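A.B. asks: If you scroll down you'll find the structure; I have some questions about it.
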Amino acid sequence: MNEAKSTIKEYRFTSKALGEDLELLVYLPANFSPLYKYSLLIAQDGRDYFQLGRMGRVADELLASGEMENVIIVGVPYQNRYDRWNKYHPDGDQNKNYIRFLAHELLPFLEEEFPVYHMGLGRALIGDSLGATVSLMTSLQYPHTFGKCILQSPLVNETVINAVRDFEAPHLLEIYHVIGTGETEVPSSTDDTVSDFLKPNQELSALMKEKGFSYFYDEFEGTHTWKFWQKDLKRALKEMF
């Protein structure tokens, strides 16, 4: 028997906060109907999640088997590795504007276009590496807006640790967090530096547990690549939806 197929539609969106036109990739489930309500998942690295992560196919399988609730997935692609760094890294020139875009421009547009839940725990952010970092920082800044966050191998620095340490409402957020045991020498995408991702992520995990977040954490045997994030995606979606 053939599985019902979802659709992925492309939209153009003009952001005043970023001063540019962005492409959006919108996954609608096979059973999509404006009469239903849907949870919302916004993916940084949007094209990567659909192409390398095969997000649409994973969601199709989980929805067909009844292992996941109805979800609309919106991918926000980046232009290039430098654009990605500027928007996702806490020190990036566009980082604050990108977070503002997610909360004050993109979300209202999606709520107007699609029948999504208007509550924090009905909305999630996901990202890998720097995409995970900006997802977490956005949830910490807007916990009533984005109540769920999926972190696949985030970059964790002092800014991130301090933001989590200073966060006063951990009961508002549900966090899914994974890191690879082999992520000890991760090359930068924009220069020649190499960083240990594992130890800072372990520090972040200890802090998350100490502060009492609703929290899932795991260390997979693997490195900082899509080969391992793709394998993890099914569990991540099941855990959060």
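The values are calculated or read from the model by the stated rules, or taken from the named source; none is laboratory data. The structure displayed is predicted, hence computed values, not measured ones. We place every Cβ from the backbone using ideal geometry, glycine too, and count neighbours over all the protein chains shown. For accessibility, only protein heavy atoms count, side chains too; no ligands or nucleic acids. Shrake-Rupley method; radii C 1.70, N 1.55, O 1.52, S 1.80 Å.
A.B. asks: Within the stretch 187-230, which residues are without any contact (Cβ under 8 Å) to a residue 40 or more places away in the chain and among the β-branched types (Val, Ile, Thr)? Break it down into steps so the answer makes sense when it comes.
C.D. replies: As a first pass, look at the stretch 187-230 and keep what is without any contact (Cβ under 8 Å) to a residue 40 or more places away in the chain: 187-188, 191-194, 196, 198-199, 202, 205-206, 209-210, 225, 227.
Result: 193, 194, 225.
A.B. asks: Next question. Within the stretch 95-118, can one find any residue that is at pLDDT below 95, outside any helix (DSSP H, G or I) and open to solvent by 70 Å² or more (accessible area, probe 1.4 Å)?
C.D. replies: The answer is yes; a qualifying residue exists.
Residue-by-condition table, conditions (1) crowded, with 23+ Cβ neighbours inside 10 Å; (2) at pLDDT below 95; (3) under 17 Å from the mean Cα position of the chain (by Cα):
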| site | (1), (2), (3) |
| --- | --- |
| 132 | yes, no, yes |
| 143 | no, no, yes |
| 191 | no, yes, no |
| 211 | no, no, no |
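A.B. asks: Shifting gears a bit: Need pairs with beta-carbon distance below 9 Å; first residue touching a residue at least 60 places away in the same chain (Cβ under 8 Å) and within the stretch 48-70, second hydroxyl-bearing (Ser, Thr, Tyr) and assigned to a helix (DSSP H, G or I); sequence gap 6+ or separate chains.
C.D. replies: Once the first residue is touching a residue at least 60 places away in the same chain (Cβ under 8 Å) and sits in the stretch 48-70, its partners that are hydroxyl-bearing (Ser, Thr, Tyr) and assigned to a helix (DSSP H, G or I) give 55/49.
A.B. asks: Same structure again: Just to verify a result, which residue in the stretch 71-94, among those that are in contact (Cβ under 8 Å) with a residue 24 or more places away in the chain and in a loop (DSSP other than H, G, I, E, B), is most open to solvent (accessible area, probe 1.4 Å)?
C.D. replies: It comes out as 91.
A.B. asks: Looking at (1) surrounded by 13 or more Cβ atoms within 10 Å (Cβ to Cβ); (2) part of a strand (DSSP E or B), which one does residue 12 not meet, given that it meets all the others?
C.D. replies: Exception for residue 12: condition (1).
A.B. asks: Quick check on my filter: what residues within the stretch 130-145 are within 10 Å of residue 44 (Cα to Cα) and small (Gly, Ala, Ser)?
C.D. replies: Across the stretch 130-145, the qualifying residues are 131, 132, 135.
A.B. asks: Only residues that are farther than 20 Å from residue 194 by Cβ and of a type in the set (D, E, K, R): list them for the stretch 127-167, please.
C.D. replies: 148, 165, 166
A.B. asks: In addition: Looking at the stretch 223-241, which of the residues that are surrounded by fewer than 17 Cβ atoms within 10 Å (Cβ to Cβ) and touching a strand residue (DSSP E or B) at 6+ places or on another chain (Cβ under 7 Å) is nearest to residue 41 (Cα to Cα)?
C.D. replies: Ranking the candidates gives 239 first.
A.B. asks: Let me ask something else about it. I need every pair where a residue in the stretch 170-184 that is over 14 Å from residue 227 (Cβ atoms) has its Cβ under 7 Å from the Cβ of a residue that is β-branched (Val, Ile, Thr), sequence separation at least 6 or different chains.
C.D. replies: Going by the 7 Å Cβ cut-off, the qualifying pairs are 176/150.
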